[in-house]
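Only one structure is covered here, and it is reproduced in the block below.
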Amino acid sequence: MPETTRKIIHVDMDAFFASVEQRDNPELAGKPVAVGGSRKRGVVAAASYEARQFGVYSAMPSVTASKKCPGLIFVKPRFDVYKSVSRDIHSVFRQFTDLIEPLSLDEAFLDVTQNKLAFGTATEVAVEIKKRIKHKTGLTASAGVSINKFLAKIASDYQKPDGLFVIKPDMAQQFIDRLPVEKFFGVGKVTALKMKSLGIRNGLELKQWSQTDLVEQFGKAGKYFFDVANGHDNRPVISHRERKSIGAETTFIDDKNTLESLTDSLWLIAEEVTSRVSKLNSAGRTITLKIKFANFNQITRSHSFLTPVSDYESIFSTAELLLRQTFEKGMSVRLLGITLSNLDSNKQSSAQMNLNL
């Protein structure tokens, strides 16, 4: 483990959008709720825990969600309200530290190696943050506490909802060794499948691989996998970061070779980009379509606007036009992505001690 240790907390609100809707409308309490559109090509932006019991999750097509949960209640997103609640949550964070790195409206990293209120341990800070968020907003948050960002983020998801999980220095490597690869932050379904095909099922087995071999198999991500498997993550909590782009992409399990199937995937990706743009209160002037083919060759096509855009229709229709202009019969595509860049900074949301956790 690193010699210089820090006290890092990752706070993640529980089913944030859906929980706000249930808080503000008592009739929704205890019921399966999905924030998003119920239209044919709608996508779930957030799901309550009652809906998740039926297998409903964010980024799922609304049609699929309705089939999984026939009694699902769709609620139109109210991003202005979510942003207001997020500001209240961040006001709680600032009572303890100025080293806050927002990841979205509902989650952030906090470096509390030195905290303003002189709490003795990071665990005490996390307990108090959860308590104050509940008092101020009526909502629950889950928190993860550890020595670096990688472990803190994993820990926050460990006992959701309303959870608090602490990974102390002396248990960190053992925890990583037992962690299934699909639980590693940054390992998606496709990467997890590839790892398992290589005989890598957990952190211990991942740790047996050299950095060179991991880079050969996974590209630049291989160095990251090598570092975190060995307990190393020295990334600082960055309180002010200028975001250059916002995007989303999908790697297909089976290559797609028709314009219709690619368009169906594209609207899902556009919904995810729109959701992320809304969460970050941002907008951008350039939309870029990324296409990676079955032979791993990759191309991008872009279109720029005179004024910033952030709405779903602009993002989807532009990406769809770029796809139609690019796609040719016989193409076999393994990855599709959309990125919004040239962001309007005026609309973006802000974002050596003994460790005694």
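The values are calculated or read from the model by the stated rules, or taken from the named source; none is laboratory data. On a predicted model such as this, the values are computed, not experimentally measured, just so you know. Every residue, glycine as well, gets a Cβ built from its backbone with ideal geometry; the counts of neighbours run over all protein chains shown.
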Kindly establish whether Val166 is surrounded by fewer than 18 Cβ atoms within 10 Å (Cβ to Cβ), over 28 Å from Pro77 (Cα atoms) and under 23 Å from the mean Cα position of the chain (by Cα). no
Using the structure shown, decide if Arg201 is outside the structural domain of Ser314 (by TED's automatic domain parsing), more than 22 Å from the chain's Cα centre (by Cα) and not aliphatic (A, V, I, L, M). yes
Options Gly222, Gly203; residue that is more than 16 Å from Ile154 (Cα to Cα), crowded, with 18+ Cβ neighbours inside 10 Å, modelled with pLDDT of 90 or more and touching a Leu at 6+ places or on another chain (Cβ under 6 Å): Gly222
So which residues in the stretch 99-147 are at pLDDT below 95, charged (D, E, K, R) and either farther than 24 Å from His232 by Cβ or in a loop (DSSP other than H, G, I, E, B) (or both)? Asp106, Lys116
Checking the structure you have, find out if any residue of the stretch 265-277 is closer than 28 Å to Phe109 by Cα, basic (Lys, Arg) and not in a helix (DSSP H, G or I). no
In the stretch 148-206, the residues that are part of a helix (DSSP H, G or I), within 20 Å of Glu101 (Cβ to Cβ) and among the aliphatic types (A, V, I, L, M): Leu151, Ala152, Ile154, Ala155
Checking Val190, Val145 in turn, the sole residue that is surrounded by 16 or more Cβ atoms within 10 Å (Cβ to Cβ) and out of contact with any Cys (no Cβ under 6 Å at 6 or more places or on another chain) turns out to be Val145
Restricting the stretch 21-52 to residues that are surrounded by fewer than 22 Cβ atoms within 10 Å (Cβ to Cβ) and of a type in the set (Ser, Thr, Tyr), the residue that is modelled with the highest pLDDT: Tyr49
Tally, over the stretch 308-353, of residues that are at pLDDT below 90, in a strand (DSSP E or B) and either of a type in the set (S, T, N, Q) or under 21 Å from the mean Cα position of the chain (by Cα) (or both): 1
Restricting the stretch 253-276 to residues that are aliphatic (A, V, I, L, M) and surrounded by fewer than 23 Cβ atoms within 10 Å (Cβ to Cβ), the one nearest to Ser84 (Cα to Cα) turns out to be Leu268
Which of the residues spanning the stretch 188-212 are in contact with a strand residue (DSSP E or B) (Cβ under 9 Å, 6 or more places away or on another chain), under 24 Å from Phe252 (Cβ atoms) and of a type outside the set (S, T, N, Q)? Gly188, Lys189, Val190, Ala192, Leu193, Arg201
